[in-house]
Amino acid sequence: MAVTREEMLDSYRRPSFWQTLTAVDWLWAVLVLSGSGYVFMRYGAVMDVYEISIMAGVTAALAGTGWLWKPVRTLSVCVATLTLFALWRYGGTLANQETDFFLKYMLASQSAIMWMSALYVMATVAYFGALFARSEFTGKVATAMTWSATTMGIVGLLVRWRESYLISPDVGHVPVSNLYEVFVLFSIITALIYLFYEGRYRTRELGGFVLLVISSAVAFLLWYAFTRNAAEIQPLVPALQSYWMKIHVPANFIGYGSFALAAMIGVAFLLTGKFAFFAQRMPSQDLLEDVMYKSIALGFAFFTLATILGALWAAEAWGGYWSWDPKETWALIVWLNYAAWLHMRLTRGWNGAPMAWWAVIGLFVTLFAFLGVNMFLSGLHSYGEL
Amino acid sequence: MTTDAVNKKRPQKTGGVLLEFFGSMNLAITLLVTVGIASIVGTVLKQNEPYQNYISKFGPFWFEVFNSLGLYDVYSAVWFLLILTILVLSTSTCIYRNAPLMLHDMRSYRLGVRFNSLNAFHCRREWRLQASSDALVGRLMPVLEAFGYRVRSKGYEDHLVVAAKKGAINRLGYIFTHSAIVIICIGGLVDGNLLLKWKAFSGDIKIETRDIPASQVPQESRLPVGNPSFRGSVNIPEGSSANIAFLNLRDGYLVQPLPFSVDVQDFRVEHYSSGPPESFESDLLIHDPQAAAPVEATIAVNHPLIYKGYAIYQASFSDGGSKLDLRLWPLLGSDAVPEDVNGAVFEDIDFETSMGPLTLELINFRLFNINPVMQEGTGKKFRNFGPNFSFKLRNELGEAIEYENYMLPVDMEGRQYFLSGVRRTPAEPFQYLYIPVDPDGGIERFMQFNTRLHDLERIMATARGTAGQSVSPTQIGNETFVDELTESMARLVTLFTAKGFDGVVEQVDASAPEAERASVLDAYLKVLQTMLASLYTELLADNGVDLSQGISERDGNFFDDAINAIGAVGNYGAPFYIQLKSFEHIQSTGLQIARAPGKTLVYLGFTLLIAGVFCMFYVSASRLWCWIDEDDGQTRILIGGTGMRHKRDFGKEFARLEGVLDEQFRKF
């Protein structure tokens, strides 16, 4: 026997994570690390210990995400190239966005975000087209457009970050500070979570439903930008000048994005159960339930994290980790709602249409916590006012 | 959370009944829903407003009803805290009952599994092979281990069980999350200061509702220095210090003495170049009798000072009694001597005026007034209007009019004005009086002009001169006519100074027949214009302005603006305009001072919660059992398993396992 039994068994053993990493994976890690090292060398002197820790965390997270989900690398490289190109075109002059061709029509933050908006809307149409016509090609186009839209969205935010510093160094801040910016963030994050599941489950049928939520966000974003001039970069109020914002807000939007995704899968589930037309085209209800559960679990985990981060921040900014401020209270209600959803599924084994309906209703509760509180209730958390 | 009907059949003791009650899932759900609804009420109904607001909103009856339900401070209401307490008990019971089971379950391989229950699994597979069971197990165990399982086996009389499990710490997720809820709630209840609330509820502590200096607050409204948890606030002017904090509770407050005093050295507001505030900072000096030297610290929003467990936050700011040098310019009389007065914010000054006794109440001073200015094309921009101060003039009847006067001229479309806002009630927006700035940058020329317009003798003289020029040749020498004309011209001016252009219009409406009103008004306005212009020209001449080239555009504009302003003086409501000559800015910083010993507990809970949630969702627990026995002279092996919370993924893994085992067993 050339092969020993131990060797045979070894081949069945699921290799440990580190063993699966290839040379390309390590190259990726080196690339991320050197990018981050360059930033550190250049700006390390003006960063405090928290910002450095956050950057270290982001570096590790980006390298790890690229290992676990390969397309993130291509995305990152495209985003980095476009962003660096935009920064190069800017030089140090904000006014270049009016004169430079590339900035004016593609890469200045507002132009990039317009591209993102247009691409998401087109992708929505394409996904539905692919679903109705059962056209695989159209589906691929839709996926490509969603990736492109996401790229442009991230480029838009990153360039906007730089633009804020070009206005004046003391105005500069991470672009997650007002409703306009977080709507872009919401669209990007929801799309990324969707794209992950699309790759994982090899199904494009859910795209239209999920992108519908993103398109609605885009519609709001455009209305908000055009009627209220919301795209203008405003300096931060003192309460927001904290490193906590960099982690609290994105964590929250992973939660919101996942909940929105789960709700749209809930819609798809209900339609599939009701109409043969969808039942013939959509993936099995079993799969839909599984994605819905995973999405809510992901959202719940990050929403918990975000709320806790928010409490830690509040302890530093408002004089207490919990003030029963309307935003906090509604965050608690959202949390309780999904905690109950998960309990019912995990301990009582609830499934099927009721859980799908609940996920859809959950979106409205979430929406109220996200937008309604800012619109109708007043409190400490009034940064995102309309 | 629920448990099976394990104890149902047994006769129960009181303890058992209580355990059953508190541990029931239905109770937990009911409580959670109640907390949810109460929380929503608390967000919809604005909390901790002054009681007067609620009374005017709901009327006296519903005000009382809602008050007795504690709806104005839901989150401190006794019933709300009681529900939270029961929730803690319920969750604790749940943990008490389930945690041991789960810990046991984590360790246990459940070797006593039955054939039938194995056969009921969705994921199962049976092989029949010509091999000894030992050989089979020899092949099986390493494969299961290679798949990441921990494996145990046990032989029975007629069969052999191999049990495998992985991801058991998923179970810890349950214990972590549920303990976290209990720990966070306990920490929160500690910081929520139940004892204090109970004392306030039972009457041991009396909430002070009067607006009196802290030193006069009676002992029964003061808390002990060592009070372990509270959240209060205090305003301290620059250069002053305080060793207390106020705790707002229901419709009043309590006084919390501190073991140290906070001395505010300086308070600063920095602004962005575009206007909005960039930072609020206070320089503090903490004088602690137990410390050798005072502790120096600068706090800012997001950067509190933690001193001996007391956290001191920058929460707000206000005026701390700025000193103001004021000049009162009489508006109504012909006696134009301004009066200088020194005052300070929060001070009241009494005056005898032509409108009777008035009290000047200085309310506020603001150094920066960054106001939005709408600009064409670019939208909203911010501009600093400079310092202003606000005050009320209260008459004998207690009626007050509120004013807001800017110190520096404000540029409006190329012309400059001193702005003075007036409003009768706080609900209205300010209406502004635009006093034009004279070429020297002062207010003097306007005041002189205004005084002259109140000086009847001068008006008569000017009127006579003007009338003399304007009579027709046939009436020259007709003294009566000239007198009458002079008098009516003067009356027109007095009417204007008292009531403005509206007064003139009213007069015309009242006296002239409808058909002629337009022409009469036109004539009146012409005469008035001539009169005012003559008076103005006299003033310019008296002030030495060279009029040989006619009146300059600037002086012309001044005239237009001045008569607009004088026309509005009648409605201004004050006998004088108060000019701010100079000031000494004294600010007061609003500090929030809190002590939260439960914080450590809460943060521990947070950590457990995060760990628990990720354990629960991202560690997949699965179990496999293999049943091996003799059947029909062959060795039968049945493998069944379950992935408790991830059936789909487990299905895929099971399929892979089947493939590997097929290959392994083929060699028999």
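In the list B:Gly651, B:Gly633, B:Gly640, which residue meets the criterion of being open to solvent by 10 Å² or more (accessible area, probe 1.4 Å) and under 27 Å from A:Asn351 (Cα atoms)?
Only one candidate qualifies: B:Gly651.
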The one condition in (1) away from every other protein chain (no Cβ under 14 Å); (2) surrounded by 18 or more Cβ atoms within 10 Å (Cβ to Cβ); (3) of a type outside the set (Lys, Arg); (4) within 26 Å of the chain's Cα centre (by Cα) that B:Gly59 fails to fulfil: (2)
Residue identified as within 12 Å of another protein chain (Cβ to nearest Cβ) and open to solvent by 10 Å² or more (accessible area, probe 1.4 Å) among A:Leu185, A:Leu240, A:Leu192: A:Leu240
Breaking point among (1) at the interface with another protein chain (Cβ under 9 Å from one of its Cβ atoms); (2) over 25 Å from B:Val234 (Cβ atoms); (3) open to solvent by 40 Å² or more (accessible area, probe 1.4 Å); (4) not polar (S, T, N, Q), for B:Lys581: (1)
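Yes or no, residue by residue, for (1) without any contact (Cβ under 8 Å) to a residue 60 or more places away in the chain; (2) away from chain A (no Cβ under 12 Å); (3) small (Gly, Ala, Ser); (4) assigned to a loop (DSSP other than H, G, I, E, B):
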site: B:Gly590; (1), (2), (3), (4): no, no, yes, no
site: B:Leu601; (1), (2), (3), (4): no, no, no, no
site: B:Val613; (1), (2), (3), (4): no, no, no, no
site: B:Leu624; (1), (2), (3), (4): no, yes, no, no
site: B:Gly640; (1), (2), (3), (4): no, yes, yes, no
site: B:Arg645; (1), (2), (3), (4): no, no, no, yes
site: B:Lys652; (1), (2), (3), (4): yes, no, no, no
site: B:Ala655; (1), (2), (3), (4): yes, yes, yes, no
Close pairs from the range A:68-81: first among the hydroxyl-bearing types (Ser, Thr, Tyr), partner open to solvent by 30 Å² or more (accessible area, probe 1.4 Å), Cβ under 7 Å, at least 6 apart: A:Ser76/A:Leu62
Number of the condition not met by A:Phe102 [criteria: (1) hydrophobic (A, V, I, L, M, F, W, C); (2) free of Cβ contacts under 8 Å to residues at least 24 places away in the same chain; (3) crowded, with 23+ Cβ neighbours inside 10 Å]: (3)
Residues satisfying the stated conditions in the range A:246-275, i.e. over 25 Å from the mean Cα position of the chain (by Cα) and open to solvent by 40 Å² or more (accessible area, probe 1.4 Å): A:Leu271, A:Gly273, A:Lys274, A:Phe275
Some residue of the range B:99-111 being within 19 Å of B:Lys647 (Cβ to Cβ) and within 14 Å of another protein chain (Cβ to nearest Cβ): no
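Please work out which residue is nearest to B:Ser620 (Cα to Cα), limiting yourself to the range B:88-121 and to residues that are polar (S, T, N, Q) and buried (at least 17 other Cβ atoms within 10 Å of the Cβ).
Here is the first cut: in the range B:88-121, the residues polar (S, T, N, Q) are B:90-93, B:98, B:108, B:116-117, B:119.
Applying the additional criterion that residues be buried (at least 17 other Cβ atoms within 10 Å of the Cβ) yields B:90-93, B:98.
Working: B:Ser90: 27, B:Thr91: 24, B:Ser92: 25, B:Thr93: 26, B:Asn98: 20 Å.
Within the range B:88-121, the match that is nearest to B:Ser620 (Cα to Cα) is B:Asn98.
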Evaluation of B:Val619 against (1) buried (at least 18 other Cβ atoms within 10 Å of the Cβ); (2) within 14 Å of another protein chain (Cβ to nearest Cβ) (one fails), failing number: (1)
Filter result for the condition that a residue is exposed (fewer than 14 other Cβ atoms within 10 Å of the Cβ) and more than 13 Å from every other protein chain (Cβ to nearest Cβ), over B:Ser273, B:Ser322, B:Ser354: B:Ser354
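Could you list, in sequence order, all residues of the range B:433-458 that are of a type in the set (A, V, I, L, M) and under 30 Å from B:Gly421 (Cβ atoms)? Before the answer, list the steps.
Initial filter on the range B:433-458 (of a type in the set (A, V, I, L, M)): B:433, B:435, B:437, B:443, B:447, B:453, B:456.
Result: B:Leu433, B:Ile435, B:Val437, B:Ile443, B:Met447, B:Leu453.
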Wholly enclosed strands (runs of 3 or more DSSP E) of the range B:382-494 bearing at least 3 residues open to solvent by less than 60 Å² (accessible area, probe 1.4 Å), not small (Gly, Ala, Ser) and not assigned by TED's automatic domain parsing to the domain that holds B:Gly567: B:388-394, B:400-406, B:415-423, B:431-436
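Applying the selection to the range A:198-214, what residues are closer than 13 Å to A:Gly257 by Cα and surrounded by fewer than 22 Cβ atoms within 10 Å (Cβ to Cβ)?
Residues of the range A:198-214 that are closer than 13 Å to A:Gly257 by Cα, as a first pass: A:210-214.
Within the range A:198-214, A:Leu212 is the sole residue that qualifies.
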Top-ranked residue in the range A:276-297 [being more than 14 Å from A:Ile193 (Cα to Cα) and of a type in the set (Phe, Trp, Tyr); ranked as farthest from the other protein chains (Cβ to nearest Cβ)]: A:Phe277
Verdict on B:Leu328 being away from chain A (no Cβ under 14 Å) and buried (at least 18 other Cβ atoms within 10 Å of the Cβ): yes
Positions within the range A:324-362 being over 12 Å from A:Ile296 (Cα atoms), of a type in the set (A, V, I, L, M, F, W, C) and within 8 Å of chain B (Cβ to nearest Cβ), in sequence order: A:Trp324, A:Trp330, A:Leu332, A:Ile333, A:Leu336, A:Leu346
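Any residue that is open to solvent by less than 40 Å² (accessible area, probe 1.4 Å), away from every other protein chain (no Cβ under 14 Å) and not small (Gly, Ala, Ser) - is there at least one of those in the range B:62-69?
Filtering the range B:62-69 for residues open to solvent by less than 40 Å² (accessible area, probe 1.4 Å) gives B:63.
If we keep only those that are away from every other protein chain (no Cβ under 14 Å) too, we end up with B:63.
This time we only want the ones that are not small (Gly, Ala, Ser), so: B:63.
For the range B:62-69, residues open to solvent by less than 40 Å² (accessible area, probe 1.4 Å), away from every other protein chain (no Cβ under 14 Å) and not small (Gly, Ala, Ser): present.
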Condition met for B:Asn248 (within 23 Å of the chain's Cα centre (by Cα), under 17 Å from B:Leu591 (Cβ atoms), at pLDDT below 90 and part of a strand (DSSP E or B)): yes
Residue that is nearest to the other protein chains (Cβ to nearest Cβ), among those in the range B:300-319 that are buried (at least 20 other Cβ atoms within 10 Å of the Cβ) and among the β-branched types (Val, Ile, Thr): B:Val301
Of the criteria (1) open to solvent by 10 Å² or more (accessible area, probe 1.4 Å); (2) within 14 Å of chain A (Cβ to nearest Cβ); (3) hydrophobic (A, V, I, L, M, F, W, C); (4) out of contact with any Phe, Trp or Tyr (no Cβ under 6 Å at 6 or more places or on another chain), which one B:Ala242 fails: (2)
Filter result (surrounded by 13 or more Cβ atoms within 10 Å (Cβ to Cβ) and assigned to a loop (DSSP other than H, G, I, E, B)) within the range B:544-578: B:Val545, B:Ile551, B:Ser552, B:Gly570, B:Tyr572, B:Gly573, B:Ala574, B:Pro575
Hits in the range B:145-172 (condition: modelled with pLDDT of 90 or more, open to solvent by less than 40 Å² (accessible area, probe 1.4 Å) and either within 14 Å of another protein chain (Cβ to nearest Cβ) or under 30 Å from B:Phe614 (Cβ atoms) (or both)): B:Tyr149, B:Val151, B:Ala163, B:Ala164, B:Lys165
Matching strands (runs of 3 or more DSSP E) fully within the range B:287-357 where at least 1 residues are over 22 Å from B:Leu580 (Cβ atoms) and in contact with an Asp or Glu (Cβ under 6 Å, 6 or more places away or on another chain): B:295-300
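Would you pick out the residues in the range B:29-56 that are touching a residue at least 12 places away in the same chain (Cβ under 8 Å), open to solvent by 60 Å² or more (accessible area, probe 1.4 Å) and assigned to a helix (DSSP H, G or I)? Steps first, please.
Taking the range B:29-56 first, the residues touching a residue at least 12 places away in the same chain (Cβ under 8 Å) are B:31-32, B:34-35, B:38-39, B:41-42, B:45, B:47-51, B:54.
Among the residues that remain, those that are also open to solvent by 60 Å² or more (accessible area, probe 1.4 Å) are: B:32, B:48, B:50.
Passing the criteria: only B:Leu32.
The values are calculated or read from the model by the stated rules, or taken from the named source; none is laboratory data. Just so you know, these numbers come straight off a predicted model, no measurement behind them. Positions of Cβ are generated from backbone atoms using ideal geometry, with glycine treated the same way; all protein chains shown enter the neighbour counts. Side chains included, ligands, DNA and RNA excluded: accessible areas come from the protein's heavy atoms. Shrake-Rupley method; radii C 1.70, N 1.55, O 1.52, S 1.80 Å.
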